[in-house]
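Here you go, one structure.
The values are calculated or read from the model by the stated rules, or taken from the named source; none is laboratory data. The shown structure was predicted, so the numbers you read here are calculated from the model rather than taken from an experiment. Backbone-built Cβ (ideal geometry, glycine too); neighbour counts: all protein chains shown. Just the protein is used for accessible areas: all its heavy atoms, side chains included, with ligands, DNA and RNA removed. Shrake-Rupley method; radii C 1.70, N 1.55, O 1.52, S 1.80 Å.
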Amino acid sequence: MTELPAQTQRQWRTQWRLPASVQRVEWVSDVHLCADMPHTAAAFTRYLAHTRADVVCLLGDLFEAWVGDDALEQRPFERDIVHALARLAQRAQLGVMCGNRDFLLGDGFLTACGAVGLADPCCIEAFGDRVLATHGDALCLADHAYQQVRKVVRSPAWQAAFLARPLPERLALAQQLRAQSQAEQAKLTPQDYADVDPTEAAVWLRQAGCVRLIHGHTHRPASSDWREVLSDWDLEPPGPARASVLRWTAQGFSRHTLDEFSPV
């Protein structure tokens, strides 16, 4: 039987204290990489090649779907993305958290790209401060249907059964689920999407000893006194293009467009 993904075998890092030499941390989520979104994939690999961050944290849904680490053996698109991540990891620290689309990322993926696995949530310390990072889906409590699905697919039994299927079968099922999701999303307005529950988020922050939450998932980039919400990425024509990077330095947080990461 195919091995379970790493998060069912061992605890991913729940706290990450960055070294004092770190001057720039960048946050990205919800890139939703897939072969039929080539402009988005090109923009992401360009970002990886040109960022000058000391640490890059990817907070989930890097891929539109991840059906198991064995995809690296047979899927050129996924393999090319991992090679780009590995090149970044040669000059910067890379942290990767699973999202609701790529929760099957495991040890094989982390090893291939030289990344640190971040549990969800994970406290990250730098610049004398401490923030709580999460993908965000677990806090969208008003999305009752999704929370039921999440409970099932995050169980070790479901994951073992899914990963035991042949890779082509897993890919076909992922494609089917993606088509269903896109059809449902087409019926929704931005106001229909559930947001992070502020009361539950406050509990998480209090328990973690943090005052600021960083998350993605909702595709509603915003800043407030208690959270930073990351942008999703979609650079496919006809647009409009969506993508930005959140940067954390000793001076605080700032948002940056992809123009900054173009070749000189």
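Filter the range 18-77 down to residues that are part of a loop (DSSP other than H, G, I, E, B) and in contact with a Pro (Cβ under 8 Å, 6 or more places away or on another chain), then give me how many there are.
Going residue by residue through the range 18-77, those that are part of a loop (DSSP other than H, G, I, E, B) are 18-24, 29-32, 34-37, 51-54, 60-62, 64-70, 75.
Retained after the next criterion (residues that are in contact with a Pro (Cβ under 8 Å, 6 or more places away or on another chain)): 68-69.
Residues flagged as part of a loop (DSSP other than H, G, I, E, B) and in contact with a Pro (Cβ under 8 Å, 6 or more places away or on another chain) within the range 18-77 amount to 2.
Then there's this: Can you tell me which of (1) buried (at least 18 other Cβ atoms within 10 Å of the Cβ); (2) in contact with a helix residue (DSSP H, G or I) (Cβ under 9 Å, 6 or more places away or on another chain) is the one Asp80 doesn't meet?
Result: Asp80 passes all but (1).
Considering every residue within the range 233-250, establish whether at least one is out of contact with any strand residue (DSSP E or B) (no Cβ under 6 Å at 6 or more places or on another chain), of a type in the set (A, V, I, L, M, F, W, C) and open to solvent by 80 Å² or more (accessible area, probe 1.4 Å). Reasoning before the result, please.
Filtering the range 233-250 down to residues out of contact with any strand residue (DSSP E or B) (no Cβ under 6 Å at 6 or more places or on another chain) leaves 233, 235-241, 243, 249-250.
Next cut, of a type in the set (A, V, I, L, M, F, W, C) only: 233, 235, 241, 243, 250.
Cutting the leftovers down to open to solvent by 80 Å² or more (accessible area, probe 1.4 Å) gives us none.
No, there is no match, as no residue in the range 233-250 is out of contact with any strand residue (DSSP E or B) (no Cβ under 6 Å at 6 or more places or on another chain), of a type in the set (A, V, I, L, M, F, W, C) and open to solvent by 80 Å² or more (accessible area, probe 1.4 Å).
Residues Ala157, Ala138, Ala174: which one is at pLDDT 95 or above, over 19 Å from Val96 (Cα atoms), among the small types (Gly, Ala, Ser) and in a helix (DSSP H, G or I)?
Numbers: Ala138 fails: over 19 Å from Val96 (Cα atoms); Ala174 fails: at pLDDT 95 or above.
Of Ala157, Ala138, Ala174, the one residue that is at pLDDT 95 or above, over 19 Å from Val96 (Cα atoms), among the small types (Gly, Ala, Ser) and in a helix (DSSP H, G or I) is Ala157.
Results for (1) at pLDDT 95 or above; (2) of a type in the set (A, V, I, L, M, F, W, C); (3) under 30 Å from Gly239 (Cα atoms), shown as yes or no for each residue.
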| residue | (1), (2), (3) |
| --- | --- |
| Thr51 | yes, no, yes |
| Gly60 | yes, no, yes |
| Gly68 | yes, no, no |
| Ala71 | no, yes, yes |
| Gln74 | no, no, no |
| Ala86 | yes, yes, yes |
| Ala89 | yes, yes, no |
| Leu94 | yes, yes, yes |
| Phe109 | yes, yes, no |
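So which residues in the range 23-37 are open to solvent by 10 Å² or more (accessible area, probe 1.4 Å) and either in contact (Cβ under 8 Å) with a residue 12 or more places away in the chain or closer than 18 Å to Phe109 by Cα (or both)? Don't jump to the end; show me each part of the working.
Kept after step one, since they are open to solvent by 10 Å² or more (accessible area, probe 1.4 Å), are these residues of the range 23-37: 23-24, 32, 34-37.
Correct list: Gln23, Arg24, His32, Cys34, Ala35, Met37.
Is one or more of the residues making up the range 91-107 open to solvent by 10 Å² or more (accessible area, probe 1.4 Å), out of contact with any His (no Cβ under 9 Å at 6 or more places or on another chain), part of a helix (DSSP H, G or I) and over 17 Å from Val196 (Cα atoms)?
Yes, the conditions are met somewhere in the range 91-107.
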